[in-house]
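Just so it is clear, none of the values below were taken in a lab; they were calculated from the coordinates. Computed from a prediction, not measured in an experiment: that's the story for all the values here. Using ideal geometry, Cβ is built from the backbone for each residue, glycine included, and neighbour counts are taken over all protein chains shown.
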Amino acid sequence: EYIGENGHFRMVFDFSYTDIDTPETGEWFKNSEWTVKELKEKIITNELVTQRNGWGAKYLENHDQPRSINKYLPQEYQDDRSKKMLGMLFMMLHGTPFIYQGQEIGMSNTQMESIDDYNDIATHDQYHRAILSGMSSEEALEGMYRRSRDNSRTPMQWNNQKNAGFSDSNEIWLKTNPNYLDINVEQEQTDDNSVLNFYKKLIHLRSDSSKYKEVAVYGELLPVESSDEVIAYKRKTDDAELLIIVNFSDSENRLCIEGTYEQVLANVALPEMVENVLEIPAYTGAVFSRVLEVD
């Protein structure tokens, strides 16, 4: 409808998987339960339709979304490991990936003390709708913390100085997330294992200097059969193939792999494959490659 031969655009954003946590009523102060299986189905369906008709715009965050780590992961697993896993999930899809400011360092939602700390008019509307529905102010604020788009509009966290290095003003438009002392660009630049440097590695896979560029950017996406909690797919050209595996759960999963692959990148150390079976640790993202014989 929007792209392809009869469409009006070169690329299109798909909101089906980024709005998976919102009810159809639009009352996003209410949490909408979802499963990894549902998320996988939405992502893969979009991929297969988009690559057949045009070019996709891939994203997890933007100015109208909360931070992805809070949306997709339970609080107890919102760490660097999971942030890297999320990065791998969407950076290896077919199309152009859009990285929203702060996503590359793992910025997260900000817990505000009062509804007055929010600027977004939609957030104020949702808060009052929550109160009218019978929620307490604490419950309503929890809904804003979880889903308000102001979560992605706080100052970019450049360093551990005043206002996270964004401004030396005594008054800024939104409160800085207190975790800027630990999560900031300056600190992550010097940490080889940081979320920022992992994103740089993901970007490199698609760059002109990478031997994987052709397959990582233009390769056809093919879904791989896996358990409900694992999102796995291939990117394939005539002479090369990438296998992307994301274990979106807090427990180990297995995946049977046909063929011989070499590991390209992973967010954690992986065990050796035994008889073509890979044991995938919790919240793991990994890319494997192999060269294909051309007839």
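Tabulated values for the structure
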read-out	value
Amide H contacts of Ala240 (H built 1.01 Å from N, under 5 Å, at least 5 apart or other chain)	Leu292
The stretch 146-191 - Rg over Rh from alpha carbon coordinates, Kirkwood radius	0.99
Scaled radius of gyration (Cα, divided by 2.2 N^0.38 Å) that the stretch 174-294 gives	1.22
Sorted largest first, extent of the chain alpha carbons per principal axis (Å)	65, 44, 39
Cα-Cα over 21 Å, subset of Lys37/Lys58; Lys58/Lys236; Lys84/Lys175	Lys84/Lys175
Inter-probe distance in nm under a simple model that places probes 7 Å from Cα toward Cβ, at Lys211 and Leu270	1.7 nm
Kirkwood-based shape ratio for the stretch 85-213, expressed as Rg/Rh from alpha carbons	1.06
Spherically averaged projected area of the stretch 152-219 from its Cα convex hull (nm²)	6.2 nm²
From phi via Karplus (6.51, -1.76, 1.60), per-residue ³J(HN,Hα) for the stretch 214-224 in Hz, x at Gly/Pro	4, 6, 5, 9, 10, x, 5, 8, 10, x, 10
DSSP H segments from the chain that extend 20 Å or more along their own axis, Cα-based, with Kyte-Doolittle mean of -1.0 or above	36-53
For the chain, calculated [θ]222 nm from helices alone, where every DSSP H run of n ≥ 4 adds -39500 (n - 2.57)	-8000 deg cm²/dmol
